[in-house]
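None of the figures in this text is laboratory data; all of them are computed from the coordinates on show. All values derive from a computational prediction rather than experimental measurement. Don't worry about glycine lacking a Cβ; one is built from the backbone with ideal geometry, like all the others, and counts go over all protein chains shown.
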């Protein structure tokens, strides 16, 4: 039986196909490698934002809030009742934690606690009759309550509001499964996460007011689901999707500009925009984490 004769055209086609097939595989592998690299860079960037840059963001908010509240205290216009979300409300000092002149803001959702310790809106203000509750982050955004579990009975807490300065003395502790039991009518409860990883429960510290309370302000509003401990701001998901889409479009635009223009000039023009978009993406992603993280 005779073998088929290979023509030069058939030989060339077979050679081209053999060369083209490894080339396709190489391109697929390169695409996967680039995808993994980009994902790793994005995740590392988020970690850098969460454990580093978020503290700078919180410090900036604290500086602005302190200046605002100091002016209000000097003019006797500081809030003594319900106020707007995120507004500066009090100055907190806990010497045993090394926490000095921390500005407490109104509200305890994830975005409020990006600014510093937050006052749970459905409780009385510190210094008023009843139980005042303050939340603070344990890991990110400056971690003002990072060492909260280390407070011991007898440690002092100083708080200044529009009604004056108040001193509390730590006398109790608890957690999410063992709430604080204290019959004192005028108390302060500090709340944070139980872990420097992803918290699954809370650390509670109770303190009694030393001295007489000041009068109550206006009636307190009800707490929203996002104000509770370990709550995530699910409303940030839609914003995260929009900012991520905007980031993707700008990345594509930067790539096209680099191909048709000077590469260095393209990157220089798009870098500030990309940095701002990455910041917005990371901030909204952080809002999806537990509010006391």
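What ranking do 67-74, 178-185 get when scored by the average of other Cβ atoms within 10 Å per residue, highest first?
67-74, 178-185
If you take the beta carbon distance between residue 181 and residue 158 as r and set R0 to 30 Å, what does 1/(1 + (r/R0)^6) give as a FRET efficiency, to the nearest 0.05?
0.75
Please sort 54-64, 138-148 by packing, taking for each peptide the average over its residues of neighbouring beta carbons within 10 angstrom, highest first.
Per-residue mean Cβ counts within 10 Å order the peptides as 138-148, 54-64.
Taking Rh as the Kirkwood radius computed over C-alpha pairs, what is the Stokes-Einstein D of segment 204-253 at 37 °C in a medium of viscosity 0.692 mPa s, expressed in µm² per second?
So the translational diffusion coefficient is about 207 µm²/s.
Would you kindly state how much longer the chain becomes between residue 29 and residue 279 on full extension, computed as 0.36 nm times their sequence separation minus their alpha carbon distance, in nm to one decimal?
Answer, rounded to one decimal: 87.0 nm.
Only Cα pairs under 8 Å and at least 6 apart count here; give the relative contact order of the chain as a rounded whole percent.
It rounds to 17 percent for the chain.
If the viscosity is 1.306 mPa s and the temperature 10 °C, what translational diffusion coefficient in µm²/s does Stokes-Einstein give for segment 53-227 when Rh comes from Kirkwood over Cα pairs?
100
Calculate how many DSSP beta bridges within the chain are antiparallel, expressed in % of all such bridges and rounded to the nearest 5.
Antiparallel bridges: around 80 percent, rounded to the nearest 5.
Stretch residue 96-residue 212 to full length: gain in nm at 0.36 nm per residue minus the Cα-Cα span?
Length gained between residue 96 and residue 212: 39.4 nm.
Sort 92-103, 250-261 by packing, meaning the average of other beta carbons within 10 Å per residue, with the highest value first.
92-103, 250-261
Residues in segment 149-193, backbone N under 20 Å from the label point at residue 122 (7 Å along the Cα-to-beta-carbon vector): list them, ranges by number please.
Under 20 Å, as judged by backbone N against the label point of residue 122, lie 175-182, 186-193 of segment 149-193.
Compute the distance in nm between two label points, each set 7 Å from the Cα along the Cα-to-Cβ direction, one at residue 149 and one at residue 197.
If labels sit at residue 149 and residue 197, their model points lie 1.3 nm apart.
As a test, work out the antiparallel percent of DSSP beta bridges whose residues both lie in segment 53-227, rounded to the nearest 5.
So the antiparallel bridges in segment 53-227 amount to around 80 percent.
Could you work out how far the C-alpha centroid of segment 31-97 sits from that of segment 166-226, in angstrom?
Cα centroid of segment 31-97 versus Cα centroid of segment 166-226: 21 Å apart.
Three principal axis extents, largest first, for the C-alpha atoms of the chain, in Å?
Principal-axis extents of the Cα atoms in the chain, largest first: 110, 45, 32 Å.
For Cα pairs less than 8 Å apart in space and 6+ apart in sequence, what is the mean separation divided by the residue count of segment 53-227, i.e. the relative contact order in percent?
23
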